[in-house]
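Down below is the structure, laid out as structure tokens.
A short reminder: the numbers here are calculations on the coordinates, not readings from a lab. Quantities reported herein were computed from a predicted structural model and do not represent experimental measurements. Using ideal geometry, Cβ is built from the backbone for each residue, glycine included, and neighbour counts are taken over all protein chains shown.
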Amino acid sequence: MAVEQRRTDEVLDWTDLGREMWSFLTGRQAAINYSFIDMAVEVPRDTGPDAPRATWKLNGTLQVTTRDQGTTSGHNGQG
């Protein structure tokens with residue numbers, strides 16, 4: 001019977017992916033730009049297929065930047 005071993009840096013879900021991206025980008029003065037055109041996201045309030053949902057509409061650019069806690073100069077002159 002083979003025992004399956006997982007790598008410690010393996011990405012399993014979206015939270016793992018976000019954490020790994022943040023860790024990789026922090027301190028590199030990096031920015032990620034996401035562009036959305038009439039995107040709608042339904043966010044459930046509860047669990048289950050009939051749960052009430054809020055609809056978030058995105059139309060534009062979302063920019064994610066990272067910096068180290070001790071960094072005094074930021075992107076766009078902020079920070």
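Structure summary
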item	result
Contour minus Cα-Cα distance for THR61 and THR26 (0.36 nm per residue)	10.6 nm
Packing-based order for 22-33, 44-55, using average beta carbon neighbours within 10 Å, highest first	22-33, 44-55
